[in-house]
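A.B. asks: Below is one structure. I have some questions about it.
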Amino acid sequence: MEQLRVDRPGPEHAGELWTVQRAAYVTEAQRYDAPRIPPLLETLDEVRDDLAGDVPAAAAWLGPRLVGSVRGRVGVGRMEIARLTVAPDVQRRGVGRALLTAVHAAAPPSVVRFWLVTGARSDDNRRLYAAAGYRDAGTVVDSAGVELVRMERRRS
Ligand SMILES: CC(C)(COP(=O)(O)OP(=O)(O)OC[C@H]1O[C@@H](n2cnc3c(N)ncnc32)[C@H](O)[C@@H]1OP(=O)(O)O)[C@@H](O)C(=O)NCCC(=O)NCCS
């Protein structure tokens, strides 16, 4: 496997990043039979705006190819980890874990807690987050009717 490089993506990466994100979330949409889950409704312009601004973000490249990304949404003292995605053909090689580490490090100093939501039946995702120190903190239902579990951890 080529060397993995993790860096902050810019607006010029929006197209590739959005395409990988859509490919990755198709698996989740199929799992829940819910094609209109929020990540699949996000537009290219919304992604580009995030990357042009000061949103904490990380992307992973294998050689010239962008293979994954993640963004943070900063609130008061907290940051939501959002849109963690890895291209389906390179999953289970540690790219997701590397991206999670990078976006944690990209959080501004005011952030003392991380949180996220993931599909309640997405056992692989929940195991990845639990291994990174996240613990279950309740359930919510998204706009597509999918049950999600909220997970949280201290920044530490
Ligand atoms: C969730 C997601 C980002 C994880 O990405 P990933 O690159 O596969 O994650 P990792 O490789 O870091 O970890 C996943 C598993 O691979 C294992 N793994 C890591 N490196 C490995 C390697 N070199 N060889 C074999 N397995 C490896 C990890 O241990 C982990 O397995 P485990 O949970 O059984 O311990 C990816 O599956 C994805 O894009 N899913 C669809 C979108 C989605 O649901 N995103 C999350 C929204 S909350």
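A.B. asks: Charges at C-beta only: +1 for Lys and Arg, -1 for Asp and Glu. How large is the resulting dipole of region 48-122 about its Cα centre, in Debye rounded to 20?
C.D. replies: For region 48-122, the charge dipole is close to 280 debye.
A.B. asks: Another question, if that's okay. Treating only the Cβ atoms of Lys and Arg (+1) and Asp and Glu (-1) as charged, compute the dipole magnitude of region 110-156 about its Cα centre; round to the nearest 20 debye.
C.D. replies: 320 debye
A.B. asks: If you split all Cα-Cα distances of the chain into 5 Å bins from zero, what percentages do you get per bin, shortest first?
C.D. replies: Final binned percentages: 2, 9, 19, 22, 23, 17, 7, 1.
A.B. asks: Taking the Cβ-Cβ separation of Ala130 and Thr101 as r and a Förster radius of 22 Å, what is the calculated FRET efficiency to the nearest 0.05?
C.D. replies: 0.90
A.B. asks: Can you tell me the relative contact order of region 4-114? Whole percent, Cα pairs under 8 Å, sequence separation 6 or more.
C.D. replies: In percent, rounded to a whole number, it is 29.
A.B. asks: Something else now. Give me the net charge for the shell around Arg154: Cβ to Cβ below 11 angstrom, other residues only, Lys and Arg +1, Asp and Glu -1.
C.D. replies: My count for the surroundings of Arg154 gives +4.
A.B. asks: What is the spin-label model distance, in nm, from Asp7 to Arg93 if the labels are put 7 Å beyond Cα along the C-beta direction?
C.D. replies: Output for this residue pair reads 1.9 nm.
A.B. asks: Can you tell which of Leu40, Val26, Gln91 lies farthest toward the positive end of the dipole of region 4-114, using +1 and -1 charges on the Cβ of basic and acidic side chains (Lys, Arg; Asp, Glu)?
C.D. replies: Working it through, the farthest residue towards the positive pole turns out to be Gln91.
A.B. asks: What number, rounded to the nearest 500 deg cm²/dmol, is the helix-based mean residue ellipticity at 222 nm of the chain, given -39500 (n - 2.57) per DSSP H run of at least four residues and division by all its residues?
C.D. replies: Here the helix-only value at 222 nm equals -10000 deg cm²/dmol.
A.B. asks: So what's the net charge close to Ser143: Lys and Arg +1, Asp and Glu -1, counting the other residues with Cβ under 13 Å from its Cβ?
C.D. replies: Spelling it out: positives minus negatives among the neighbours equals -2.
A.B. asks: With charges set only on the Cβ (+1 for Lys and Arg, -1 for Asp and Glu), what does the dipole of the chain come to about its Cα centre, in debye to the nearest 20?
C.D. replies: Charge dipole of the chain: 660 debye, to the nearest 20.
No lab work stands behind these numbers, since they all come straight from the coordinates. Computed from a predicted structure; not experimentally measured. In this analysis, Cβ positions are derived from the backbone assuming ideal geometry, glycine residues included, and neighbour counts consider all displayed protein chains.
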